[in-house]
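Novice: One structure, pasted below without further comment.
The values are calculated or read from the model by the stated rules, or taken from the named source; none is laboratory data. All of these numbers come straight from a predicted model, not from anything done at the bench. So basically every Cβ, Gly included, is an ideal-geometry build from the backbone, and we count neighbours across all protein chains shown. Side chains are part of the model used for accessible areas, which takes the heavy atoms of the whole protein and leaves out ligands, DNA and RNA. Shrake-Rupley method; radii C 1.70, N 1.55, O 1.52, S 1.80 Å.
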Amino acid sequence: MMIRRAGKHAVVLGAGVGGLLTARALTDFYDGVTLVERDDLSGEGREPRRGVPQGFHAHALLPRGLRIIEELFPGVTEEMVADGAVPYEMIVQLRMIMGGHEFARTPTGERGISATRPFLERHLLRRARELPTVTVRDRNQVTGLMTDVARVAGARIAAAGRAGDEEELPADLVVDAMGRGGRTLAWLETMGFDRPAEEVVKVEVSYATWYLRIPEGALEERMVLVGTYPGQPKGAALCQVEGDRWLVTLGGNAGARPPADAEEFFAWVEEVVPADVAEAVRAAEPLGEIGVARIPASVRRRYERLTRFPEGLLVAGDALCNFNPIYGQGMAVAALEALAMRECLRDGTEGLARRYFTAAARALDPAWQLSTGADQAMREAGAARSRQARLMGAYIRRLQRAAAHDAEAAVAFTRVTGLLDPPSALMRPSVLWRALRG
Ligand SMILES: Cc1cc2nc3c(=O)[nH]c(=O)nc-3n(C[C@H](O)[C@H](O)[C@H](O)COP(=O)(O)OP(=O)(O)OC[C@H]3O[C@@H](n4cnc5c(N)ncnc54)[C@H](O)[C@@H]3O)c2cc1C
């Protein structure tokens, strides 16, 4: 049902998680929404695709992200569970080891689901395709924008492998959701606009992932997350996923490199995860090869600070802000941005870019604050830091230590990192008291 008409046609560039959620939000306001995607989406979508190579690695969906996805596509959580996604109760079947402390396991009332990224995307794509006003143009590469003085009037696309043969897609709104390689920076320059300021935080993260078959019953939990912390740049995520498999991703933060060699892979697992989990991994049946990835930096583009921006163009998902993946925030933040866009469109299209970029910046601020704060602490372990940064780091360490035996401290920490509560919730007197006593 249309909530308030904003125009005839909107085009979303890129059909990753960001693009799919954006397209869904736009169906409330435009007569038609076209999703343009370079990859072939006609297959079953069981394997990571070329345009989303990160889909091979663990993709934890933070609780806030799952809530928004369910709000945009009601019933999709149950559909995914029925199709094999693994539901788990937080933080009972999710084992969290943060700052070197294994958190007390206690119900929070939140349920999560564990699945691979291609699985999640396949379900969102199916739901998007079911919407009568959505058209998916896969196997089409975005080649540029249609422009009209200071306004974007549509997109230019070319069928895969036919770059010279362009087609024009006129639109009232174009959203760049093409991921880390989003093209808006270059387009702004061509149109005579300034580029936004960029905040670049060097993270030097490396991943190594192996899919394994762990016999049913060997592990009680559904997911084990081991965070990195100053002095320990090695982490891991073990997730039971669809297809009766486990996905084990080793994460090296601040320059640490997980191995692609089986024996060294096991050694890393044994170093960071609890002994019973390591034992189950050692005894597992490997499925395929170990795959690796490297992420040099987190990048935030400050579009909200620009004074001039073309009408008819917005940016969402990783193209707007991408994060150190170790904290699992990207998809939840893309979901928050889709909600921000929906809220802004409810008030019409007047000054849309300015209002949307401001709202999106506000929505993603907590995630950026959490991840860059932790990254700074990682990089500067042992180095001189500001008094405030040192105090905050010491406080978080105390809270993590308290969370090992204090269920409420564990819940408070998990709700903030799951983006359900703002970071300021960690400073509530009841939490402060637990950390200090802890
Ligand atoms: C190694 C790794 C691990 C991660 N782990 C997590 C995690 O645990 N939890 C989490 O929430 N997030 C995680 N993320 C982040 C997450 O992948 C992204 O934040 C999320 O997918 C949103 O991205 P997006 O949709 O904006 O872009 P993408 O997912 O990158 O999608 C962009 C899309 O645009 C298409 N495209 C690009 N150029 C063109 C073009 N010219 N024409 C047409 N189409 C084009 C691509 O094919 C692709 O489909 C991880 C990222 C990495 C790199």
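Novice: Of the residues in region 120-150, how many are closer than 23 Å to GLY181 by Cβ and either open to solvent by 50 Å² or more (accessible area, probe 1.4 Å) or touching a residue at least 40 places away in the same chain (Cβ under 8 Å) (or both)?
Specialist: Qualifying residue count for the region: 16.
Per-residue answers, yes or no, for (1) among the small types (Gly, Ala, Ser); (2) modelled with pLDDT of 95 or more; (3) more than 13 Å from the ligand (Cβ to nearest atom); (4) not assigned by TED's automatic domain parsing to the domain that holds LEU420:
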{"residue": "GLU285", "(1), (2), (3), (4)": "no, yes, yes, yes"}
{"residue": "GLY291", "(1), (2), (3), (4)": "yes, yes, no, yes"}
{"residue": "THR307", "(1), (2), (3), (4)": "no, yes, yes, yes"}
{"residue": "GLY330", "(1), (2), (3), (4)": "yes, yes, no, yes"}
{"residue": "ARG354", "(1), (2), (3), (4)": "no, yes, yes, yes"}
{"residue": "ALA361", "(1), (2), (3), (4)": "yes, yes, yes, yes"}
{"residue": "LEU364", "(1), (2), (3), (4)": "no, yes, no, yes"}
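A quick yes/no check of all residues on (1) outside the structural domain of LEU145 (by TED's automatic domain parsing); (2) away from the ligand (no atom under 13 Å from the Cβ); (3) among the aliphatic types (A, V, I, L, M); (4) touching a Cys at 6+ places or on another chain (Cβ under 6 Å):
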residue: GLU167; (1), (2), (3), (4): no, no, no, no
residue: ALA171; (1), (2), (3), (4): no, yes, yes, no
residue: GLU189; (1), (2), (3), (4): no, yes, no, no
residue: ARG195; (1), (2), (3), (4): no, yes, no, no
residue: ARG213; (1), (2), (3), (4): yes, yes, no, no
residue: GLY252; (1), (2), (3), (4): yes, no, no, no
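Novice: Find all pairs meeting these conditions: Cβ atoms under 8 angstrom apart; at least six residues apart or on different chains; first residue within region 418-436 and at positive phi; second residue open to solvent by 50 Å² or more (accessible area, probe 1.4 Å) and assigned to a helix (DSSP H, G or I).
Specialist: Taking only residues 6 or more apart or on different chains, the pairs are LEU419/ARG64.
Novice: For region 23-30, state whether one or more residues are crowded, with 20+ Cβ neighbours inside 10 Å, among the polar types (S, T, N, Q), within 24 Å of the chain's Cα centre (by Cα) and not in a loop (DSSP other than H, G, I, E, B).
Specialist: Checking region 23-30: not a single residue is crowded, with 20+ Cβ neighbours inside 10 Å, among the polar types (S, T, N, Q), within 24 Å of the chain's Cα centre (by Cα) and not in a loop (DSSP other than H, G, I, E, B).
Novice: Another question about this same structure. I'd like to verify a number: residues in region 376-385 that are out of contact with any helix residue (DSSP H, G or I) (no Cβ under 6 Å at 6 or more places or on another chain) and at pLDDT 75 or above, how many?
Specialist: Total satisfying the criteria: 3.
Novice: Something else: Return the residue satisfying two criteria in turn: it lies in region 231-245 and is assigned to a loop (DSSP other than H, G, I, E, B) and more than 14 Å from ALA60 (Cα to Cα), and of such residues it is farthest from the ligand (Cβ to nearest atom).
Specialist: Once the filter is applied, the top-ranked residue is GLY231.
Novice: Here's a follow-up. Given ALA409, ALA435, ALA377, which one is over 21 Å from THR106 (Cβ atoms) and in a helix (DSSP H, G or I)?
Specialist: ALA377
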